[in-house]
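Below: one structure, written as structure tokens.
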Amino acid sequence: MISQIFSLAFLAQTIRITVPYSLASLGGVYSERGGVVNIALEGIILNGAFCATVGTYYTGSPLFGVVCGIAGGLLTALIHAVVTIHVKADQIISGIAINLFAVGITKFVLEILFHSSSNSDRIPGLPHIHLGFIENQPDVARLLGNPLVLATILIVVASQFIIFKTRFGLRLRAVGENPEAADTVGISVVLYRYLGVLISGALAGLAGAWLAFDQHSFTDGMSAGRGYIALAAMIVGKWNPMGAAAACLLFGFAESLQIQLQGAGMPTQFIQMIPYVATIIVLAGFIGKAVAPGADGVPYEKEK
Amino acid sequence: MADVKNGNRHWLEHPATQTFLIPILAVALSFAIGAIFIVIVGQNPFEVYSTLFSQTLGTSYGIGQLLFKTTPLIFAGLSVALCFRAGLFNIGAEGQLQIGAFATALVGMYTMGVPPVIEIPLLILAGMIGGGLWGFIPGYLKAKTGAHEVINTIMLNFVAAALVSYFVTNVYNVPATVHTPPISPTGRLPRFDALFSGFEGSPVNFSILIALLAAVFVWYYIDRTRYGYELRVVGLNPKAAEYGGISVAKNIIVSMTIGGAIAGLVGTNFVMGYKYYFEEGFSIGTGFMGIAVALLGNNNPFGVILAALLFGMLEYGGLVINTMVPKELVSILQAIVIIFVISSNKIFRRILVNFLKKRTLSVND
């Protein structure tokens, strides 16, 4: 039983689930480190998945689809950025509205383009790199050879470096922690907050593209709460890229365990709760204190 | 500013301008943008909109459907509005209404044959306790540990969904369905069409009266009681409240619990007045829509009723126009309304401030 569960296929399943969580969760880190709460991740993922599907469907090129997915995420994040940074409207409500908008617009266009209210036509997946090992398990080999898996690992490591070791990261954290002080020393709060939100849009859009290629189609509402799990992982990971990715791995592990047990006919709802309950426990400070960036969620009003 | 003292206020400065003008403009603008989407589909916006209005407001069946969709939105909107006034952001109405509605169904299953005068209040109370408990948790966590209610309510929405899913699929299940066995016949609220033949076939029922009562309660509680006064002070300025001897922690817990209890009443519409059982996924997004309703209603209980009517109309209207344009048009409209309201509140205030500055300057000249 145990060996059946923790097989190579199980590992592959865990990775498959963890990749989009990690990308979106990193997106959350960039946005919130800059001081903008991004509940819109859910909608960004959905729009990213949709744009990736449409881009691939009409050009036949998955690579172009990836670009479209990122572009769709960027555009969606741009709405959030304009509304929250320029207009200084409430960040949480903006996020909720964008999530609602994404559900509506994707289904609306889906019906126009594919004449279906539930799913698109089939699209090809991403080409994979031949690894030369585990060829006897073609599914696993295909997954591990997926360029986005490698890209995700690189993005996680690079983000840890970017946020904590580069000038960009320092400035981003400064506008999220204490925008007045950052402004005083000449850092443009607006610019860095825009960058934070847009990077989060690109990453969450990429997460959406992953979902579309993984499933070879777009289905309505396919983000299915992943944006919220990504937010949860960001908190459990204490707003650190590596921490967030580790939390995503944990959540991905729990979810693939749940899928296995479901196959065995066992009730899995309690495993399903793990990410959410873990987040509540961490937030309550039972396992170390999770502290959000100082000015997270607060619009910046420049002194006149 | 001098004019204000003289009682000769410019209309732009009148609070009613902001309360009514912004929502109306937001709705009008969203319909205008929606028209672009309709044209893209190759339909005539005037035709689509006139169908939307005539099929919802023009027939008693349509009005019945509209009111049925409005009822849960009033509960959810009131829940969010009350918490808002206490400075709290309740994104958890969705989870609270799930737990509340499930509690109503659960108690209803086990109390067969109890007379309606006891059964109906009992089931209402069950919904309030279920929802209230789900509001109490994030309230308590916020008060005691400072954990942000936004994140905790989001998380608890998912926990609630998983929890009711467990009970509905594994414990109280009618085989081959995702709903519970029916509640006691004595716990059912009559439908309007049982009394007025005009509503024939539409599911609107007496729970809408409970919703209106809840709105009156929220108004009275917030505007006319000492507790409501405390709640508002905490919402406006928690430090001043604490300094003035008002317990911020207590008010956070109480507000979230009452907010949750009101959201928990959603079950009166679906469980007691419509299907007579709890069904998994019966409310997709009502709690989130409550945020939009509260926002559009300016967090005022009566504003919430009006906003809920509008959103209820849109929700049923989407189904009506589905043959012409995809019904998701209404989700797009709703999202645009929300974005316009939150943006225009800020933009309007800025215009107002600039306007007043200029006027002050000209007066000084």
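Fully extending the segment from B:THR323 to B:ALA240, taken as 0.36 nm per residue of separation minus the present Cα-Cα distance, adds 24.3 nm.
Note on B:ILE347 and A:LEU261: with the Förster distance fixed at 56 Å, the Cβ-Cβ geometry gives a FRET efficiency of about 0.60. Placing unit charges on each Cβ (+1 for Lys and Arg, -1 for Asp and Glu) gives chain B a dipole about its Cα centre, and among B:VAL80, B:GLN55, B:ALA101 the Cα reaching farthest toward its positive end belongs to B:VAL80.
When nucleic acids and ligands are ignored and a 1.4 Å probe is applied, A:LEU74 ends up with an accessible area of around 70 Å². Taking the helices alone, the protein assembly as shown has a mean residue ellipticity at 222 nm of -23000 deg cm²/dmol, built from -39,500 (n - 2.57) per DSSP H run of at least 4 residues and averaged over all its residues. Here B:ALA176 and A:PHE164 are evaluated by their C-beta separation; at R0 = 56 Å the FRET efficiency comes out at 0.55.
With Cα atoms as the point set, the radius of gyration and Dmax of region A:32-123 evaluate to 14.1, 41 Å. With distances taken between every two different alpha-carbon atoms, region B:310-365 has a Kirkwood hydrodynamic radius of 13.9 Å.
Put the Cα centre of region B:283-307 next to the Cα centre of region A:178-217 and the gap is 30 Å.
Each semi-axis of the equivalent ellipsoid for region B:132-246 is √(5λ) with λ an eigenvalue of the Cα gyration tensor; in descending order they amount to 37, 26, 10 Å.
Here's the list of aspartates and glutamates a cross-link from A:LYS165 could span, going by alpha-carbon distance under 17 Å and ignoring same-chain residues fewer than 8 apart: A:GLU177. Bridging of B:LYS250 to aspartates and glutamates at a Cα separation below 20 Å is possible for B:GLU149, B:ASP223, B:GLU230, B:GLU242, once same-chain residues fewer than 8 apart are set aside. Coupling constants for region B:190-205 follow from the phi torsions by the Karplus curve (6.51 cos²θ - 1.76 cosθ + 1.60, θ = phi - 60°), and in residue order they are x, 7, 4, 6, 6, 10, 10, 5, x, 7, 2, x, 8, x, 4, 9 Hz; glycine and proline get x.
State the percent of C-alpha pairs, over all pairs in chain A, separated by a distance greater than 23 angstrom. That fraction is 56 percent.
Using the Cβ-Cβ distance between B:ILE33 and B:TRP11 with R0 = 25 Å, the FRET efficiency computed as 1/(1 + (r/R0)^6) comes to roughly 0.40.
Summing Lys and Arg as +1 and Asp and Glu as -1 over all other residues whose Cβ lies under 13 Å from the Cβ of B:VAL164 gives a net charge of -3.
Counting Cβ atoms of other protein chains within 10 Å of each residue's Cβ and taking the mean over peptide B:320-332 gives 4.
With pairing defined as another cysteine C-beta under 4.7 Å, the cysteines of chain A that fail it are A:CYS248. The C-alpha atoms of the protein assembly as shown occupy a region whose extents along the principal axes are 77, 77, 57 Å, arranged from largest to smallest. Over 28 Å apart at the Cα level, from the set B:LYS275/B:LYS327; A:LYS302/B:LYS358; B:LYS239/B:LYS357; B:LYS239/B:LYS346; B:LYS144/B:LYS239; A:LYS238/B:LYS142, are B:LYS239/B:LYS357.
All other residues whose Cβ lies under 15 angstrom from that of B:GLY318 are scored, Lys and Arg at +1 and Asp and Glu at -1, for a net of -1.
With semi-axes defined as the square roots of five times the eigenvalues of the C-alpha gyration tensor, the equivalent ellipsoid of chain B measures 36, 29, 18 Å, largest first. Taking θ as phi - 60° and the Karplus parameters 6.51, -1.76 and 1.60, the scalar couplings of region A:20-29 work out to x, 4, 5, 4, 5, 5, 4, x, x, 4 Hz in sequence order, x denoting glycine and proline.
Counting only heavy atoms of the protein chains and using a 1.4 Å probe, A:GLU180 has close to 90 Å² of accessible surface. Converting phi to 3J(HN,Hα) with the Karplus coefficients 6.51, -1.76 and 1.60 and the offset θ = phi - 60°, region B:125-130 yields 4, 4, x, 5, 5, x Hz in sequence order, with x at every glycine or proline. Legend: residues A:MET266, B:MET155, sorted from most to least accessible area (1.4 Å probe; ligands, DNA and RNA excluded), read A:MET266, B:MET155. Here is the list for region A:105-211: chymotrypsin sites (Phe, Trp or Tyr not before Pro) lying in DSSP coil, each with at most 16 other C-beta atoms within 10 angstrom of its C-beta, are A:PHE133.
For region A:1-77, the spherically averaged projection of the C-alpha convex hull amounts to 6.8 nm².
The values are calculated or read from the model by the stated rules, or taken from the named source; none is laboratory data. Only a predicted model underlies this, so the values are computations on that prediction, with no experimental measurement involved. Here Cβ is always computed from backbone atoms with ideal geometry, including for glycine, and neighbour counts include all displayed protein chains. Accessible surface is based on the protein model in full, side chains and every heavy atom, while ligands, DNA and RNA are left aside. Shrake-Rupley method; radii C 1.70, N 1.55, O 1.52, S 1.80 Å.
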